[in-house]
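Here the structure comes first, spelled out in structure tokens, and everything after it is commentary.
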Amino acid sequence: MPKQETSLLVNIGQLLTLRSPAAKPGPRRGPDLKELGIIKDAAVLCLGGKIVSVGTTKDALRDSWVKNTIKKNRKQITEVDCSGKVVLPGFVDSHTHPVFTTPRLIDFEKRITGASYEQIAAAGGGIRASIAGVRNATVADLASHVTHALEQMAAHGTTTVEAKSGYGLTLESELKSLRAIREAASKWPGTVVATLLGAHTVPKEFQGCSQKYVEIVCREMIPRATRERLAQFVDVFCEKVAFSPQETEQIFVAAESNGLAVRAHVGQLSETALEPLLRFNPASFDHLDYASDGDILQLAKHDTVATLVPGVNYFLGIKQYADARRLVDAGVPVALATDYNPGTSPTTSMPMAMSLACTQMKLAPSEAIAAATLNGAWALRLAGRKGSIEAGKDADLAIFDADDYREIPYWFGVNRCVMTVMNGRVVSRK
Ligand SMILES: [Zn+2]
């Protein structure tokens with residue numbers, strides 16, 4: 001791991017602190033999602049991987065503690081003149097599938113011509129192509145793919161990433177995927193949270209007897225991943241084409257008894273009844289293109305975050321997006337993520353996800369920013385350390401070449417991130 005630095009960022013045009021407006025506990029909801037806690041002409045001092053001081057440039061330079069720190073550490077301190085740019089908490093991409101080997105170009109081209117899921121599979125595409133790639137790869141091969149994805153994500157301002165397994169679907173290849181995540185994470189200055197997604201789809205060998213596969217997930221994968229400390233979360237794709245609500249509960253029970261927290265893919269292709277799953281206190285429910293009024297009311301009463309992934313709808317050409325406005329206005333805590341994966345969302349760009357959230361889901365730019373930072377941290381149970389720029393939190397920052405934060409989702413398809421700070425380590429882009 002690279003050495004942490006002492007750094008002082010000054011002359012920040014807009015510093016988006018995301019500090020709580022009224023010290024309200026829990027993830028951001030309703031009108032609070034818009035509160036960015038902006039400081040103009042700001043400065044941030046980072047020491048030992050943590051944020052130690054936040055204020056205006058004038059106050060920072062006048063503050064004797066900051067002055068003494070600069071004086072004592074003159075040689076080691078990295079002074080960054082942000083020249084009026086925008087600085088915000090590094091993005092928390094709380095839903096990604098980075099353990100795969102090749103892009104799914106057959107799917108991409110066939111789908112454009114209107115081919116069905118079955119036709120794509122018959123042509124050698126679909127999820128099975130990813131599974132074959134992962135089963136045949138070594139840990140080192142997979143780790144290099146994950147590393148490449150993490151570097152791309154950081155280049156776009158992301159400093160914390162949730163990374164799922166899920167293209168192995170055997171005990172050994174799921175563990176291999178998690179080991180690849182661990183290996184890549186150990187070399188990256190940002191923060192990675194690993195999730196076991198053994199229940200991504202029912203593998204071909206278990207078609208028609210999914211229960212046998214669920215037992216492997218519960219009795220073999222979850223205990224081994226726990227014992228080897230390879231995952232913090234267990235995820236399930238709960239959908240008609242994948243695992244039933246009953247199977248999801250069964251997997252959640254196994255996760256709970258092994259001490260792992262849970263999250264789930266729900267409501268992507270059809271409505272999933274969420275209330276029975278809420279008793280497991282999931283960290284997040286992801287997708288939610290379909291959700292009933294009753295479940296939305298329930299979600300508004302819980303801290304389970306609704307993680308929306310508009311890149312999927314964009315890439316698949318689905319006109320209908322998750323109804324983010326309905327969720328936010330009902331008081332459901334909403335996060336945004338890329339859902340980076342080879343089949344349905346091959347993007348590492350959180351600004352792109354935010355742009356789609358604004359133009360297609362009608363979130364305000366301020367709401368998209370809070371959803372991509374602080375609420376993403378809540379979705380990973382890391383809000384005590386990540387997602388806002390406050391003294392005591394991890395020094396995770398993104399610097400954008402912009403005068404106004406609204407430019408981040410505005411300039412779509414280009415990367416305006418010029419620098420990131422990850423656990424105190426400054427990484428320049430340009
Ligand atoms: Zn996913």
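Partner lysines whose Cα lies under 22 Å from the Cα of K362, excluding those fewer than 8 positions away in the same chain, are identified as K34, K319. Using Cα positions and a limit of under 24 Å, work out the lysines in reach of K176, with same-chain residues fewer than 8 apart set aside. Result set, ordered by chain and number: K164, K187, K204, K212.
Looking at this model, which pairs from K58/K85; K24/K386; K24/K85 are more than 20 angstrom apart at the alpha-carbon?
On the way: K58/K85 16 Å; K24/K386 16 Å; K24/K85 29 Å.
From the list (K58/K85; K24/K386; K24/K85), the Cα-Cα distance tops 20 Å for K24/K85.
Straight-line cross-link reach from K72 at under 17 Å between alpha-carbon atoms covers these aspartates and glutamates, not counting any fewer than eight positions away in the same chain: E5, D63. Entry note, the stretch 91-379: relative contact order of 19 percent, from Cα contacts under 8 Å with a spacing of 6+ residues.
Calculate the tail of P(r) for the stretch 91-379: the fraction of all Cα-Cα distances greater than 29 Å, expressed in %. The proportion of pairs with Cα distances above 29 Å equals 27 percent.
Residues of the chain: accessible area per residue at 1.4 Å, in Å²? Accessible surface, normalised per residue, equals 41 Å².
The share of accessible area on the stretch 91-379 that comes from carbon and sulfur is 54 percent, using a 1.4 angstrom probe.
Roughly how many Å is it from the Cα centre of the stretch 282-325 to that of the stretch 355-430, as a whole number? After rounding, the separation between the Cα centres reads 20 Å. Of all beta bridges that DSSP places with both ends in the stretch 91-379, some 5 percent have antiparallel geometry.
What trypsin sites (Lys or Arg not before Pro) in the stretch 50-128 are in a loop by DSSP, with at most 14 other Cβ atoms within 10 Å of the Cβ? Qualifying residues, ordered by number: R74, K75. In the complete set of protein chains, residue-level accessible area for E247 is approximately 20 Å², probe 1.4 angstrom.
The values are calculated or read from the model by the stated rules, or taken from the named source; none is laboratory data. Quick caveat: nothing in here was measured; it's all calculated off a predicted structure. Cβ: placed from backbone, ideal geometry, glycine included. Neighbour counts: every protein chain shown. Surface accessibility is based on the protein's heavy atoms, side chains included, excluding ligands, DNA and RNA. Shrake-Rupley method; radii C 1.70, N 1.55, O 1.52, S 1.80 Å.
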